[in-house]
Structure formats: structure tokens, C-alpha cells
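Have a look at the structure below, then the notes.
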Amino acid sequence: MHRFKITSAKGGQFVAKFVYNAETMLWSENYASKASAQNCIDSLKKNAPGAPTVDLTKEETGKGYRFEIAGSKDGQFFVRFVAQNGETMVRSETYTRRASAVKCIESLKARAVAAETVEEL
């Protein structure tokens, strides 16, 4: 089951996550308030389904809300969802295969709108 979670982080902060069963697929930076973490989730639900994908490993560029496939120093791939202002909203773990990064994007696009949000504080 895919869902969003708002979890506690150190220092009284909060993190927004997109999870499948027990696996965290994407997570946000730490937010000072639970409301800010919820705003992140609301923005993902609204903007992720129609967002384009830019593959930075192929020197593609983009503007506005978008998914980015980026390369790590060790040759793996990870996903970022970037807001219109250029700030990273969420990122994924690293994947050994580009196809796995693409599946992560497809999963969020297809399931974000209907995914419930739960709190684990």
C-alpha cells in the first residue's frame, strides 16, 4: 500500500515521506512544523502526477515542477522532485539501475493523488 507519512525528526522537526508498505521511497528535508510537512505532501499530490522527468545524467534540463534523475558519485541513480522555485522537495534512495529510478517516479505519479496521509510522531 502506498501512502504518505509525516514522521518526527530530531530537534522537534518533521519529515514528509512517500512509502510503499514499510519501504520509504522518497523523503523531504526536515521541516520546523508539521503543517510545512503537510504542505509538501499537498504540493506533491497536486504537482507530481503531471510533472515532466528530466534526466540529468543525459544532460537534460528543465524548469518548473519536475522530477530529476541524477547520478551519484558511485555511478548509481536517485530521484528528486523539484519545486517551481528550483528547491528540492523530496529525494529517493540510490538505485543501481536507472530503470528503478524511473519506476519510483512512475509510482509517485500514479499513486500520489489517492494516497492517504498518516502521522507517525
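The values are calculated or read from the model by the stated rules, or taken from the named source; none is laboratory data. Every value quoted in this text rests on a predicted model; they were computed, and no experiment measured them. Don't worry about glycine lacking a Cβ; one is built from the backbone with ideal geometry, like all the others, and counts go over all protein chains shown.
Summed over the stretch 78-113, the residues that are assigned to a helix (DSSP H, G or I), of a type in the set (A, V, I, L, M) and either within 16 Å of Asp55 (Cα to Cα) or modelled with pLDDT under 95 (or both) give a count of 4. Scanning the stretch 19-45 for residues that are in contact with a Lys or Arg (Cβ under 7 Å, 6 or more places away or on another chain) and either loosely packed, with under 14 Cβ neighbours inside 10 Å or aliphatic (A, V, I, L, M) (or both) yields Val19, Leu26. Scan the stretch 1-54 for residues that are in a helix (DSSP H, G or I) and hydroxyl-bearing (Ser, Thr, Tyr) and the total you get is 2. Just so you know, in the stretch 79-121 the residues that are farther than 19 Å from His2 by Cβ and among the polar types (S, T, N, Q) include one that is nearest to the chain's Cα centre (by Cα), and it is Thr88.
Only one of Thr53, Thr117, Thr88 is in contact (Cβ under 8 Å) with a residue 24 or more places away in the chain, in contact with a Lys or Arg (Cβ under 8 Å, 6 or more places away or on another chain), more than 16 Å from Trp27 (Cα to Cα) and of a type outside the set (Lys, Arg); which? Outline the logic, then answer.
Working: Thr117 fails: more than 16 Å from Trp27 (Cα to Cα); Thr88 fails: more than 16 Å from Trp27 (Cα to Cα).
Answer to the selection: Thr53.
For the stretch 55-77, the tally of residues that are surrounded by 12 or more Cβ atoms within 10 Å (Cβ to Cβ) and in a helix (DSSP H, G or I) stands at 2.
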